[in-house]
Amino acid sequence: MRFLAGVATLVMAALPLRAEDMVTDFRLENGMQVVVIEDHRAPVVMHMVWYRAGAADETPGVSGVAHFLEHLLFKGTETLEPGEFSATVAANGGRDNAFTSYDYTAYFQRIAADRLELMMQMESDRMVNLQLDEKDILTERDVIIEERNQRVENSPAALMREQLDAAQYLNHRYGVPIIGWRHEMEALSLEDALAYYRQYYAPNNAILVVAGDVEPAAVRTFAETYYGVIPPNPELEPRVRPTEPPQTAARRMVFEDPRVAQPYLRRSYLAPERDAGDQETAAALTILAEILGGGTTSFLAEKLQFDAQLAVYTGAWYRGTSFDDTTFEFVVVPAEGVSLAEAEAAMDQAMKDFMADGVDPAQLERIKMQLRASQIYARDDVERLANRYGRALASGLTIEDVKAWPDVLQAVTEEDILRAAEAVLDLDTSVTGWLRAPQADAEVGQ
């Protein structure tokens, strides 16, 4: 086994890690950023437009409007009938979709490379020529409310997560669900949607990412032809959001729902995001999450699942690609007969043991190798490459940050990890939630 691990390390070291020589970027005169990622192994292309606007950029009182507008963009324009956009993509052998996050909204098509010009023609059209009426608003508003019913109202875990986020972010818009609060979704109007559209859907607030079997010169020609003629929004303001007040006491909640079959606890901490030119702390937190809760070989799994047998599942996550402060989170699902209070106490003790014992050098090296392998394998998928760059750029990072990230991860030391853990994992700045069925004799949270 030791021999095979050594061979794997040598193979990974020999493989080229990044394809930065194949990444080209430029700006159109109207301010639109264009990124081209060449991969000529297959005649396909990923065409994506990312808007630097998401749910956290909404005006208070109209939560869900960013996601609502994402749906509405599949309605008609001055030249396309409702539904014709997606039908045209499908008729040309491709697929299309869109997604909304707190920090961005993205629209994409994966299609044969020789259909790229058609995709730019249609996508640029709906950047400025969206046609909506009250009927569109009524029907699509019903669609997003039903989506909330299915994804949130029918899931105790999702309902608890909304409450935890609201407790974590007292002042920042990350505490408002992306899909929106139901009472505000029900009141979304045509003017709400159009106001968001006019403010944020402009070339100087957008990033065009094209990945696949393309040449930068051809992409530039198409981009200038279709996107370059769209005027920028001169009233676009810098992205400034409310900041969180200092948290001075632990926050707790118990969410009870009769549909809960398996209780569990979730804890989150505010944590710094990846910042442009300063990714070292985020890299340490990324590896810390893998060490503590990245699968069955993680520290918490070993301590709580296998040694003490107090849990059937443990996990840790850090979402570093974020425009503002993000979260570091834990989940523990207790074993049968183990109370949530016992599971939480065991998790707290395990974290104290980790800080005292330090990082296992062999585990750290294994995680670094796994991260390196994952980054190499991602190069085989133009969609993942396009998403990597688009998500980073829309969250305030630069192309140089994306290129540097693999090396920053590899440079993380044990001292970096423990320093980041000590700074972030402070119980006084935590939010802990218990999810369970209603109790006759309720446990009292610690």
Worksheet entry | Matching entry among A283, A250 (being in contact with a strand residue (DSSP E or B) (Cβ under 9 Å, 6 or more places away or on another chain) and either modelled with pLDDT under 95 or of a type in the set (G, A, S) (or both)) | A250
Item to complete: Looking only at region 296-306, decide whether some residue is within 18 Å of D426 (Cα to Cα) and in contact with a Ser or Thr (Cβ under 8 Å, 6 or more places away or on another chain).
Response: yes
Worksheet item: Hey, which of the helices (runs of 4 or more DSSP H) in region 71-157, taking only ones fully inside, have at least 2 residues that are without any contact (Cβ under 8 Å) to a residue 12 or more places away in the chain and under 19 Å from L190 (Cβ atoms)?
Response: 134-148
Practice prompt. Select, from A356, A362, A350, the only residue that is of a type in the set (A, V, I, L, M, F, W, C), closer than 17 Å to T297 by Cα and open to solvent by 60 Å² or more (accessible area, probe 1.4 Å).
Written response: A362
Fill in: Residues located in region 291-332, provided they are surrounded by fewer than 19 Cβ atoms within 10 Å (Cβ to Cβ) and of a type outside the set (G, A, S)
T296, T297, E302, F306, D307, Q309, V312, Y313, W317, R319, D325
Fill in: Test result for V382, at pLDDT 90 or above and either over 26 Å from A112 (Cα atoms) or in contact with a Phe, Trp or Tyr (Cβ under 9 Å, 6 or more places away or on another chain) (or both)
no
Practice prompt. Kindly provide the set of residues from region 255-272 that are assigned to a loop (DSSP other than H, G, I, E, B), open to solvent by less than 30 Å² (accessible area, probe 1.4 Å) and under 23 Å from T326 (Cα atoms), ordered by number.
Written response: none
Worksheet item: List pairs: first in region 225-254 and closer than 30 Å to R198 by Cβ and in contact (Cβ under 8 Å) with a residue 24 or more places away in the chain, second open to solvent by less than 90 Å² (accessible area, probe 1.4 Å) and acidic (D, E), Cβ under 7 Å, 6+ apart or cross-chain?
Response: R239/D57; R241/D324; E244/D325
Practice prompt. Tell me, please, whether a residue that is open to solvent by 40 Å² or more (accessible area, probe 1.4 Å), touching a residue at least 60 places away in the same chain (Cβ under 8 Å) and among the polar types (S, T, N, Q) can be found in region 209-223.
Written response: no
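Which is among the aliphatic types (A, V, I, L, M) and either within 26 Å of A261 (Cα to Cα) or in contact with a Phe, Trp or Tyr (Cβ under 7 Å, 6 or more places away or on another chain) (or both), of V359, V331?
V331
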Worksheet item: Within region 325-358, how many residues are assigned to a helix (DSSP H, G or I) and in contact (Cβ under 8 Å) with a residue 24 or more places away in the chain?
Response: 14
Worksheet item: Counting just the residues of region 419-435 that are part of a helix (DSSP H, G or I), modelled with pLDDT of 95 or more and not small (G, A, S), which one comes out surrounded by the most Cβ atoms within 10 Å (Cβ to Cβ)?
Response: V424
Worksheet item: Where residues in region 377-391 are assigned to a helix (DSSP H, G or I) and open to solvent by 20 Å² or more (accessible area, probe 1.4 Å), which of them is nearest to D103 (Cα to Cα)?
Response: R391
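Every residue, every condition in (1) at pLDDT 95 or above; (2) touching a Leu at 6+ places or on another chain (Cβ under 6 Å); (3) farther than 30 Å from R52 by Cα, yes or no:
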| site | (1), (2), (3) |
| --- | --- |
| R372 | no, no, no |
| L409 | yes, yes, no |
| I417 | yes, yes, yes |
| A437 | yes, no, yes |
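The values are calculated or read from the model by the stated rules, or taken from the named source; none is laboratory data. Just so you know, these numbers come straight off a predicted model, no measurement behind them. Neighbour counts are summed over all protein chains in view; Cβ atoms, including those assigned to glycine, are modelled from backbone coordinates with ideal geometry. The accessibility values were calculated without ligands, DNA or RNA, using every heavy atom of the protein model including side chains. Shrake-Rupley method; radii C 1.70, N 1.55, O 1.52, S 1.80 Å.
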